[in-house]
1. Could you calculate the FRET efficiency of residue 60 with residue 408 from 1/(1 + (r/R0)^6), where r is the beta carbon distance between them and R0 is 60 Å, rounded to 0.05?
2. So what is the relative contact order of the chain, in percent, for Cα pairs below 8 Å that sit 6 or more residues apart?
3. With each pseudo-label sitting 7 Å past Cα toward Cβ, what's the residue 243-residue 223 distance in nm, one decimal?
4. Between rounded, prolate and oblate, where does the chain land on the alpha carbon gyration tensor, with a ≥ b ≥ c its root eigenvalues, rounded for a/c under 1.5, else prolate if a/b exceeds b/c?
5. Taking only C-alpha pairs under 8 Å that are 6+ residues apart, what is the relative contact order of region 113-354 in percent?
6. Using a/c under 1.5 as the rounded threshold, could you call region 269-407 rounded, prolate or oblate? The axes a ≥ b ≥ c are square roots of the C-alpha gyration tensor eigenvalues, and prolate needs a/b larger than b/c, oblate otherwise.
7. Report, to the nearest 10°, how far helix 444-461 tilts away from the longest principal axis of the Cα atoms in the chain, using its own Cα long axis and a range of 0 to 90°.
8. At R0 = 51 Å, how high is the FRET efficiency between residue 101 and residue 133 if r is their beta carbon distance? Nearest 0.05 is fine.
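Read-outs throughout are calculated quantities, based only on the coordinates presented, and are distinct from any laboratory measurement. None of these values were measured; they are calculated from a predicted model. A quick note on method: Cβ atoms are made from the backbone with ideal geometry, for glycine too, and the neighbour counts reach across all protein chains shown.
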């Protein structure tokens, strides 16, 4: 019979049990649940609510259950064995089986409501640590690749049209910055996760003289959630965590998209290693960027996890409602998906090769048009007038299939008398990069400084 059966005259319909049981997915919280229970019973003993000997018996039984689950001797998917609605009831039922009625003292001064909230916060705390480590792992892979290709020039794009020349390393380092803000968001989220709900009871607290701060310290929490209703009612930290996951996945998806495009035959800027590509069942020549595509595709899945929990919570009255049981699968899925994507992305990037881009075909050096406009500004023209002049020059080059470097000084001066013989020094990819002076630009000096800075910082985060 369920541990709460005293009020009921008939047993729960087996179909209702199967429908309502969350054990098939929340069993992964068994470590957090047992850790929380061990701390809770230590507090009960400290406050003389249970005897020290009973507390030791309960703690010993809980540790034995943990070993049973770890080893597979206790099959938590056998829900009928304990009529276990969830991992919390299954563990308590097993404890009572093992040590008798003493096990029934564990739940003194505690509700499943604060117990569930506690377990999820412990789970989030561990997940955030793992995700931050995986972000740093990917950042390290990026900076190593940027350092290796620090001299390679590629087109920079806006609107997927060639815009200005940049260093490949500069492009790669932009993703490190994005990922660092992701890391900061998870770290900020940790501050709100690391507050203990334990001791809130069902919603109103408890009449027992418990010490919430002691239990929180035992579990490594930095502070308490003060209002007992808030402690068991809200899932805002879970939603915040999922927001962090969704933003990080968005960054991975954008990175994956670039690698997919660059590795295509038409672009041919990059090559994803064979270990992270697949073939076609019908076309022998194909090498498909499936891993990158799956990262891009799984991003929508994590967005769905966030929307699912927002939708679950949007109309719930205070305090706890059974709807909130549905928060766990989106949470677990987002953790698994993001962790898997971060891990595989670092390995995929490590095996990638980047290729020199050809800028010698007709029209390729039009990517230097902005440099021509800036040149005219240095000669005294307002930028808008310089922009217009160079725009007309670009039209001429396209129409005549001419390259900027092949136009004579006489032809340049037909567009503006400000052009002089030094113009040809500006029509050069490397010079274009060296001319950049602003902090954080694509100049070799700035990119080299950024690579050194990130190498130093990543040693701290490992």
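1. 0.05
2. Values: 598 pairs, mean separation 72.5, N = 462.
Dividing the mean separation by the residue count of the chain yields 16 percent.
3. The modelled label-to-label distance comes out at 1.8 nm.
4. Numbers: a/c = 3.26, a/b = 2.71, b/c = 1.20.
Since a/c reaches 1.5 and a/b is larger than b/c, the shape of the chain is classed as prolate.
5. Working: 309 pairs, mean separation 55.9, N = 242.
Relative contact order comes out at 23 percent.
6. On the way: a/c = 3.89, a/b = 1.83, b/c = 2.12.
Taking the square roots of the gyration eigenvalues as a ≥ b ≥ c, region 269-407 is oblate.
7. Its long axis makes an angle of about 10 degrees.
8. Details: r = 43 Å, r/R0 = 0.85.
The value I calculate is 0.70.
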